[in-house]
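Each value in this text was obtained by applying a stated rule to the coordinates, not by laboratory testing. Since the model is a prediction, treat every value here as computed from it, not as a measurement. Neighbour counts run over all protein chains shown; Cβ positions are idealised from the backbone, glycine included.
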Amino acid sequence: MNPPYTTILSAAELAAHLHDPNWVIVDCRFDLLDTAAGERNYRESHIPGAVYAHLDRDLSGPRVATGEGGRHPLPTPAELTRTFGGWGIGGAAPGRGVQVVAYDDQSGHYAARLWWLLRFMGHEAVAVLDGGWPAWVAAGLPVEAGDGDGIGGDVPPERLYEGGPRLDRPATAEEAVAAPLLVDGRAPERYRGEVEPLDPVAGHIPGATNRPYTANWDADGRWRAPEALLAEFLDLLGDTPPESAVFYCGSGVSACVNLLAMVRAGLPEGRLYVGSWSEWSRLGRPVARGQSPTPQTG
């Protein structure tokens, strides 16, 4: 058995396994401003045999009125077990788990969330398609339409998902602010507090540094080479052990891109503050703005 793909794979590598019963393809296309767009696009055209994962419905738990958990709360292990098994993702032990491939049309922005969730639940045979849907289409590879009912392709059979949660991987708000390194993955202008399109307060968590998640891709939306990523992450980490660093973003989605990039670079995976800025800003916690780590009242 070949080693599993655990970070990034090419369109050609995925195409060679299109009808492999031990592979599950998951379409994660999504739009925060039009939450039905990804599913519409999936029904119009997707990679043959792919199932669809909705960010709000499948990759997040229910929102809480108090704001705890943020805009995309972590689903419970029981919810994830049902979801993964329903998609045909079975097992987690080496030699028994299926290979999962996630893709979207944003270079891996949303697919990385599924990558992180599967690893959180003990399944490491998961990779993100390099270049995503645009790369697949540009290569002239097969597509199909429909809603996953077998039109033009195969439907993964339901399987028993056997993995369990790695409870050391998510970080709470308290653990995030106490971490030796806290990394904000949002765009620099959101980090500095100059704009805030989604959450009630602009700014960042006091003491956090900024590494935009888009820094992990080339101008064409492909993942940068592991060697280049390694040099940058080593500079970012300094003396901090990689697994002790905590990463956050707006709602625990794009921060997963930085975590995937760490693993692609050959480093241990950092931790994810799932609630991220969407939780922090709703709970009335201290806020920093600009490049200064000095807290301000939000």
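Observations
- Placing +1 on each Lys and Arg Cβ and -1 on each Asp and Glu Cβ, with no other charges, gives segment 170-296 a dipole about its Cα centre of roughly 220 debye.
- Label corresponding to P(r) over Cα pairs in 5 Å bins from 0, in percent when calculated from the structure given, among [x] 1, 6, 12, 17, 19, 17, 13, 8, 4, 2, 1, 0; [y] 1, 6, 13, 18, 21, 19, 14, 7, 1, 0; [z] 1, 4, 9, 11, 12, 11, 11, 10, 9, 7, 6, 4, 3, 1, 1, 0, 0, 0, 0: [x]
- Exposure proxy ranking, count of Cβ atoms within 10 Å, fewest first, for Leu33, Leu198, Leu237: Leu33, Leu198, Leu237
- Descending semi-axes in whole angstrom, ellipsoid equivalent of segment 17-73, from the Cα gyration tensor: 27, 14, 6
- For the chain, the longest principal axis of the C-alpha atoms and the axis of helix 77-86 are separated by about 30°.
- Relative contact order, whole percent, for the chain stands at 22, derived from Cα pairs under 8 Å and 6 or more residues apart.
- Taking the charge dipole of the chain about its Cα centre, with +1 at Lys and Arg Cβ atoms and -1 at Asp and Glu Cβ atoms, the residue from Thr240, Leu59, Val24 reaching farthest to the positive side is Thr240.
- Share antiparallel - DSSP beta bridges, the chain, percent rounded to 5: 20 percent
- For segment 168-204 versus segment 220-298, the inter-centroid distance based on Cα atoms is 8 Å.
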